[in-house]
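Asks: Would you mind keeping the following structure in view while I ask a few things?
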Amino acid sequence: MSGTSVEDLKPGDHACLTFSDNDERLDIVAAFVRDGLRLGQKVLCLTESVSHPALADELTARGLAIESAVRSRQLQISPSGLFFAPQGTFNPAATFDRWQAHIDQATRDGHGGLRVTGDMCWALRPITGVADLMEYESRLTRMLAEQNATAACQYDRQCFDTVTLAAAAESHGMNVTAVTYHDDALLRICRQHVPTGVRVAGEIDYRAIEPLTTALTETLALDDHVDLNLTQLRFMDTTTAGVIMQTALGLTARQRMTVRCTRISFDLLAALGLKELAKVTMTAVRHDD
Amino acid sequence: MTTEPGSRSRQAPPDGLPADAVLLLELLFAEADLVSLRSAVAAHADAVGLRAERVDALVFVAYELATNVVRHGGGSGELALWAAAGAVYCRVSDEGPGIPPGVDGRKQPEPGSADSRGLWLVRTLADGMHIGTRISESRGSVVTAMISRDR
């Protein structure tokens, strides 16, 4: 089972969404929600690790009109635990009934289908019935295949053990992950969906300049507004700063670039003249932002 | 020699450093050591109370000087970190061909130009930088950068 981009999900799909950190999760969830709202679907966000207000704030910060979508009831944000284990017990049959009720309600309300993403970390708690989770996921794959509904179940790679993650990947119809240009213990370079651009996290030096160059070349080819998210990048060297400078110099007349980074990266890029370029906006964030 | 962060050596500081400077870290490096060099410098600078933003600057400076040695200065060298009351000093030496005359990082490179970018950035982030040669040897260079505690 190969990876699928969140933007390629369609009705009938049941995806296992895995991610390496919260920023990456929020980016993929934002793309999932954005596409659902655009398509006129009813969107249900089941959240747990991220609080309801924090999720609304994060999605709003990524440019989504969350407040109006909630007001018009096209978007609903609610706790995962209430959906999957409302009485503290996971009952697959009752959960399927809830799925069908939401799908039917979305149709009755005139939405173009149902789209649900759920944080599955409730299943890390010692809840009765959770042993049946993977059997439930397999059945849900078969059920959704015949419905006007799309689901993306969020499994945090930092929290679930590898056996559960392998079982989750197997029981879903597809696996959604970030489009990754480089991934090792030190550095992760991903395509960012919302806002469009590239996210670089960890530490980077000249030895990883090739995947960075590929990622930046692709975003220059695809995006009118390039968001370069370096907020989780702890270290960059001169070669990296130079490649970012070259990318900015390669922006066409209609393109703009935003660089969000830590203070040290800000100082390095500013010293090379990035701040002086009219098409570039730079923002420094604190270490713990 | 590597030391535990927080431990101090009584070795006398070399010429050009304040008399109260104590040796924090001394290590030999080659390309494979560049990542661990960063974390070692950060740990030692943090242990002597350097502010987080200045630790980041010091790590960049140490790494860039070491990388210059790895890529242009013969492939391997030695890094020493000294702490004094007002600043932390990073001294990187090698036995390579030496830094060419006129390359001193004093002039901002043209946007997009790769010339002397590393030394320019080191000079911008550090509060002082001195480029010298190894005493009584015909080869190699010694670069000392200072990161002030107060900036």
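Asks: May I ask you to say which residue of A:ASP267, A:ASP223 is crowded, with 17+ Cβ neighbours inside 10 Å and over 23 Å from B:ASP127 (Cα atoms)? Break it down into steps so the answer makes sense when it comes.
Replies: Numbers: A:ASP267 fails: over 23 Å from B:ASP127 (Cα atoms).
The conditions single out A:ASP223.
Asks: Pairs only if they're at least six apart or on different chains, beta carbon under 7 angstrom, first in the range B:109-132 and more than 11 Å from chain A (Cβ to nearest Cβ), second open to solvent by 20 Å² or more (accessible area, probe 1.4 Å) and aliphatic (A, V, I, L, M); list them, first residue then second.
Replies: Final answer for the pair search is B:ALA126/B:MET146; B:ASP127/B:MET146; B:GLY128/B:MET146; B:ILE131/B:ILE99; B:GLY132/B:VAL142.
Asks: So A:SER78 clears everything in (1) at pLDDT 95 or above; (2) part of a helix (DSSP H, G or I) except one condition, right? Which one?
Replies: Failing condition for A:SER78: (2).
Asks: Out of all the residues in the range A:276-288, is one or more farther than 18 Å from B:VAL55 by Cβ, within 11 Å of chain B (Cβ to nearest Cβ), small (Gly, Ala, Ser) and touching a residue at least 12 places away in the same chain (Cβ under 8 Å)?
Replies: Looking through the range A:276-288, none of the residues is farther than 18 Å from B:VAL55 by Cβ, within 11 Å of chain B (Cβ to nearest Cβ), small (Gly, Ala, Ser) and touching a residue at least 12 places away in the same chain (Cβ under 8 Å).
Asks: Within the range A:192-225, how many residues turn out to be among the aliphatic types (A, V, I, L, M) and under 17 Å from the mean Cα position of the chain (by Cα)?
Replies: Residues meeting the conditions: 4.
Asks: When you check A:MET236 against the structure, is it facing another protein chain (nearest Cβ under 9 Å), touching a residue at least 12 places away in the same chain (Cβ under 8 Å) and touching a strand residue (DSSP E or B) at 6+ places or on another chain (Cβ under 6 Å), yes or no?
Replies: So A:MET236 fits the description; yes.
Asks: When B:GLU78 is evaluated against the numbered criteria (1) surrounded by 16 or more Cβ atoms within 10 Å (Cβ to Cβ); (2) over 20 Å from B:LEU17 (Cα atoms), which criterion, by number, is the only one it fails?
Replies: Result: B:GLU78 passes all but (2).
Asks: I've got another one for you. Answer with yes or no whether B:ARG71 is touching a Ser or Thr at 6+ places or on another chain (Cβ under 6 Å), open to solvent by 10 Å² or more (accessible area, probe 1.4 Å) and within 12 Å of chain A (Cβ to nearest Cβ).
Replies: Taking the combined requirement at face value, the residue does not satisfy it.
Asks: Say we look at the range A:107-124 and pick out the residues that are surrounded by 21 or more Cβ atoms within 10 Å (Cβ to Cβ) and of a type in the set (A, V, I, L, M); which of these is nearest to A:GLN41 (Cα to Cα)?
Replies: In this case the residue turns out to be A:LEU114.
The values are calculated or read from the model by the stated rules, or taken from the named source; none is laboratory data. These numbers come from a predicted model, not from an experiment. No Cβ is skipped: glycine too gets one built from the backbone with ideal geometry, and neighbour counts run over all protein chains shown. Only protein heavy atoms, including side chains, enter the accessible area calculation; ligands, DNA and RNA are left aside. Shrake-Rupley method; radii C 1.70, N 1.55, O 1.52, S 1.80 Å.
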